[in-house]
Structures are given as structure tokens and as C-alpha cells.
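The values are calculated or read from the model by the stated rules, or taken from the named source; none is laboratory data. If you're wondering where the values come from, they're calculated on a predicted model, not measured in any experiment. As a convention, Cβ positions derive from the backbone with ideal geometry for all residues, glycine included, and neighbour counts pool all protein chains shown. With ligands, DNA and RNA removed, areas are computed over all heavy atoms of the protein, side chains included. Shrake-Rupley method; radii C 1.70, N 1.55, O 1.52, S 1.80 Å.
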Amino acid sequence: DQFSVDYYEDGYALITIAGDGQFLLVPEGKEAPEGLDSDIAVIKQPLDNIYLVATSAMDLFCALDGLDSISLSGTNADGWYIDEAKKALEDGSISFAGKYSAPDYELILSKNCDLAIESTMIYHKPEVKEKLEQFGIPVLVEHSSYESHPLGRTEWVKLYGALFNKEKEAENFFSEQAKIIEDLEGFENTEKRKNKKNEEKPLDQ
């Protein structure tokens, strides 16, 4: 319930982030329509140089085979637990561009960054978000941590699918994850747990 994507003719899409604004996704070779509300940021496809600061999005990018669209990271190689991200930073295909609170603006601009995806931590540094936007870089704040449903975070893959025109792949991935959750719902809670000796005991002991 933290985002929506509305599709329009000719490949345009309007992304709405709950409480954080709207973004018009403009397909390759086209322009934003005249008279567009100034509060709507424009994201132009294709996206080749994303500055990814929201670490929780990396798994979903990998699921969509979208790692090549990320050229800048807000986490260095040592900070990644995802092997694909760690390897990309080590081999130089992704560059560390500073954490959310202290980005390397010179590097970000030299890479022609076309989108910054930030975590909600950016709200503690509003001047950074403002500076990136002043440079003409749209800043999308990832709100998956605010989702109330267990599958809410995973469903953000559909938003990233829209960015890369991979809606079908996103839907398939989400359906697979939903099936896993559905299967888990069939397990019975025995109200017991294992102690250090691997013996079952009631939860109230």
C-alpha cells in the first residue's frame, strides 16, 4: 500500500509513492508532456546509471536481472551481503558513491546518474535529497519498510519492473514468493521450541 503505478498510452506510467510524491516514467525516445505539474518528477528510460542507496532493493534488482542498471552504490563492497553486489563493486562495474548522508556529488554527476533510489534514512538528511534534485536527478524514496503486509516489501519488485519494462518478470517473481508464503501457512504451530539440548519444551517454560 506504499506505492502505485498507473499506466497510460504510448508507454508512459505514473508512479506514486505514499506521502512522498509522484514520478512520470517517460519511455525512451519520448518527452514529458507540456504543462506537467511541477510537483511530478520525470524519470526517463532507459535507466543505465542508478545510484542505489536503499540496500533492501538490491535483491529485487537481481531478481529482475537489473544489476547492470546500477552504476553507483551507497554501500561499499564490505557492506554487502549479496554476492552479486559485492562482486560488482569489487570488479568496478559499480562504484561506491558515498553513503546516503555524504554522497560523492562529483562522481554521481560524472556518471550521468539518471535516478537515485534512497532509503527512508534520507529524511534525516533532507538537504542531500534537495541537492540531488537541484542537479536534475530524481530521488525516489523506497518505502517498503512501511508496508504492513508480509508480502508488501516483495511487491516492490513490481515498481522496479515498471522502471525496466519487466512487468511480466516482476509478476512472475512475486507470484513465486506469494506461493512460498501460502505454503508456509499450512504449517501447524506446535507451541514448542528447541532448547540448547535440542529437546522440545512448551513456550511458557
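Among the residues of this structure, Leu60 counts as one that is open to solvent by less than 50 Å² (accessible area, probe 1.4 Å) and not small (Gly, Ala, Ser).
Say whether the condition of being more than 18 Å from Gln2 (Cβ to Cβ), open to solvent by less than 10 Å² (accessible area, probe 1.4 Å) and in a helix (DSSP H, G or I) is met by at least one residue in region 151-173. No, because not a single residue in region 151-173 is more than 18 Å from Gln2 (Cβ to Cβ), open to solvent by less than 10 Å² (accessible area, probe 1.4 Å) and in a helix (DSSP H, G or I).
Yes/no matrix, rows are residues, columns are (1) closer than 21 Å to Asp20 by Cβ; (2) without any contact (Cβ under 8 Å) to a residue 60 or more places away in the chain; (3) among the acidic types (Asp, Glu):
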{"residue": "Ser71", "(1), (2), (3)": "no, yes, no"}
{"residue": "Asp83", "(1), (2), (3)": "no, yes, yes"}
{"residue": "Asp91", "(1), (2), (3)": "no, yes, yes"}
{"residue": "Ile94", "(1), (2), (3)": "no, yes, no"}
{"residue": "Lys99", "(1), (2), (3)": "yes, yes, no"}
{"residue": "Cys113", "(1), (2), (3)": "yes, no, no"}
{"residue": "Thr120", "(1), (2), (3)": "yes, yes, no"}
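Residues in region 74-112 that are more than 17 Å from Met58 (Cα to Cα) and crowded, with 20+ Cβ neighbours inside 10 Å: Pro103, Ile108.
All of Ala54, Ala63, Ala102, Ala85 fail the test of being more than 24 Å from Gln177 (Cβ to Cβ) and either in contact with a strand residue (DSSP E or B) (Cβ under 7 Å, 6 or more places away or on another chain) or of a type outside the set (Val, Ile, Thr) (or both), apart from Ala102.
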